[in-house]
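This report refers to the structure that appears directly beneath it.
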Amino acid sequence: LPLSTNPNKGIMKYIRAYSATEALELIDDGCVPLAGGTILVPEISLRANRPNSLIDISHIDQLKAFECKNNAIELGSLITVAEIAANDEIKSRLGCLVSAAQQIGNPLVRRAATLGGNIAAGLSVQADSQQEPAGVFDLPTALLACATEAELESADGTETLPFDQMMETGLPQNSLITKILISIPKNFRSAYRKFAWRESSGKTIVNVAVSGLVNGSKIQQVKIVAGGIDAIPRRLQKAEQIIEESGSSEALIAKAAEVGATELNCAFGPSPKEAYRRSLVRTGVRELLREIVCL
């Protein structure tokens with residue numbers, strides 16, 4: 001179906017797929033997947049991105065799966081951000097992911113936007129050095145703080161990748177994110193903080209996510225992730241080491257926050273913008289570590 005008849009651009013085709021297999025065949029032919037359209041449609045309207053063919057994957061039921069087990073959650077890539085934000089079962093196990101979902105855009109955006117779309121958008125921004133870092137997308141930072149894997153499908157079959165590996169290497173060509181798998185061990189806690197210019201529809205400047213296995217004031221398997229500094233969200237491994245080896249007293253949390261704020265390379269280079277973003281990382285790390293150990 002034609003979406004545009006601009007004589008200078010030709011006709012943009014819209015195709016609806018009802019299975020992952022059908023979608024992958026069309027992706028191999030150069031079609032661009034369309035789910036919620038909260039990012040792609042505005043880009044098309046602004047002439048910033050205009051593919052020749054769109055494939056609507058929003059009717060593929062197998063991509064809407066949700067399963068909550070004792071120690072894991074499986075989320076289909078077409079689950080909407082609003083569904084994640086409102087799900088009490090996910091909230092009780094993955095506070096960081098629900099908090100990130102609740103702060104994306106506004107209610108209208110959250111009802112349309114999808115888990116897979118938010119991740120894929122971050123990966124596509126990563127590939128374009130002229131745009132903001134992928135860390136300004138909220139869900140990837142939260143997912144990186146969890147024991148997360150991505151299930152992908154392509155013409156070669158099904159593949160499962162560690163989420164941090166996919167963030168580093170990007171989405172394999174002509175593949176489709178089908179599912180996100182998150183492990184939730186006993187005593188797992190997580191939290192997320194977003195810093196934006198305004199509360200509603202605010203573009204993320206910096207975001208921070210923290211997780212770990214909490215036993216009293218001790219935290220093990222600590223993960224501290226910051227987005228909006230480097231080209232992609234990354235773990236603050238020096239800060240993690242301080243908490244893992246030394247503990248989580250007020251003084252050690254302050255030290256970890258100070259170290260974490262300086263350990264990543266900044267995609268912007270030295271500037272007042274860099275100093276401001278690093279100060280937000282420092283604040284976020286300190287607040288979230290205190291939150292998960294209930295200080």
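Observations, loosely collected:
- Here the spin labels are modelled as points 7 Å beyond Cα on the Cα-Cβ line, and at Glu245 and His59 they lie 5.8 nm apart.
- Label point at Ser45 placed 7 Å out along Cα→Cβ; residues across the stretch 101-117 whose backbone nitrogen lies under 16 Å: 105-113
- Among (i) 111; (ii) 128; (iii) 168, the entry derived from the coordinates for volume of the Cα convex hull per residue in Å³: (ii)
- Peptides 242-254, 104-116 ordered by average Cβ neighbours within 10 Å, highest first: 104-116, 242-254
- Anisotropy class of the stretch 66-222 from Cα gyration tensor, a/c 1.5 cut: rounded
- Compared with the dominant principal axis of the Cα atoms in the chain, helix 272-292 is inclined by about 70°.
- 9 Å beta-carbon shell around Ile180, net charge (K/R +1, D/E -1): -2
- Anisotropy class of the stretch 142-295 from Cα gyration tensor, a/c 1.5 cut: oblate
- Length released on extending from Ser201 to Thr158, taking residue separation times 0.36 nm less the Cα-Cα span: 12.0 nm
- Percent carbon-and-sulfur accessible area, the chain, ignoring ligands, DNA and RNA, probe 1.4 Å: 48 percent
- In the chain, the DSSP-assigned H stretches of four residues or longer account for a calculated mean residue ellipticity at 222 nm of -10500 deg cm²/dmol, using -39500 (n - 2.57) per stretch and the full residue count as denominator.
- The Cα-based radius of gyration and maximum Cα-Cα distance (Dmax) for the stretch 165-235 are 15.2, 46 Å.
- Positive minus negative residues near Leu26 (Lys, Arg vs Asp, Glu; Cβ under 12 Å): -3
- The stretch 244-288 residues near the modelled Lys218 label - backbone nitrogen below 15 Å, point 7 Å along Cα→Cβ: 244-249
- Surface accessible to a 1.4 Å probe, per residue, for the residues of the stretch 151-295, Å²: 48 Å²
- Between the listed residues Pro233, Ala275, Ile57, the Cα displaced farthest toward the positive end of the dipole of the chain, a dipole computed from Cβ unit charges relative to the Cα centre, is found at Ala275.
- Extending 7 Å from Cα along the Cβ direction at Phe66 and again at Glu89 yields two label points whose distance is 0.8 nm.
- Net charge over other residues, Cβ less than 11 angstrom from the Cβ of Glu291 (K, R count +1; D, E count -1): +3
- Distances between placed amide hydrogens fall under 5 Å for Lys179 paired with Ser77, Glu151, all partners being 5 or more residues away or on another chain.
The values are calculated or read from the model by the stated rules, or taken from the named source; none is laboratory data. These numbers were taken from a predicted model, which means no experiment stands behind them. As a convention, Cβ positions derive from the backbone with ideal geometry for all residues, glycine included, and neighbour counts pool all protein chains shown. SASA here: full protein model, heavy atoms, side chains in, ligands and nucleic acids out. Shrake-Rupley method; radii C 1.70, N 1.55, O 1.52, S 1.80 Å.
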